[in-house]
Structures are given as C-alpha cells and as structure tokens.
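Participant: Sharing a structure, written as structure tokens. Questions coming.
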Amino acid sequence: MRLELINHFRFDENGRLAEEWVQYDNLGFLRQLGVDLAEGH
C-alpha cells in the first residue's frame, strides 16, 4: 500500500514554522483498496 500526500508549510518572519497543511490522496488510496468508485453505485 502507498499513501501519497503533499505538505504545505508557512513560516513566519523569523523563519519559524507557523502553519502546516497536509493534503492526502484519498482517492488513490481507496483505489488501492479495491473500492469501486464508479458513479451511480
């Protein structure tokens, strides 16, 4: 199994980490699990 993600960071004016956002590829993960993602089911 593989779960891909993207991290976004925002640093303050002193170079310290201020915020972090994580975006997961949930659709790709569900496909790996064999979930039928066809519309109308």
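Participant: Tally time: how many residues in the range 1-22 are closer than 30 Å to VAL35 by Cα and either surrounded by 10 or more Cβ atoms within 10 Å (Cβ to Cβ) or in contact with a helix residue (DSSP H, G or I) (Cβ under 8 Å, 6 or more places away or on another chain) (or both)?
Facilitator: Total meeting the criteria: 5.
Participant: Name every residue in the range 6-28 that is hydrophobic (A, V, I, L, M, F, W, C) and modelled with pLDDT under 95, in order of residue number.
Facilitator: Residues of the range 6-28 that are hydrophobic (A, V, I, L, M, F, W, C), as a first pass: 6, 9, 11, 17-18, 21-22, 27.
Residue satisfying the conditions is LEU27 alone.
The values are calculated or read from the model by the stated rules, or taken from the named source; none is laboratory data. Quick caveat, the model's predicted, so the values are computed rather than measured. Counting neighbours? That spans all protein chains shown, and the Cβs are built from the backbone with ideal geometry, glycine included.
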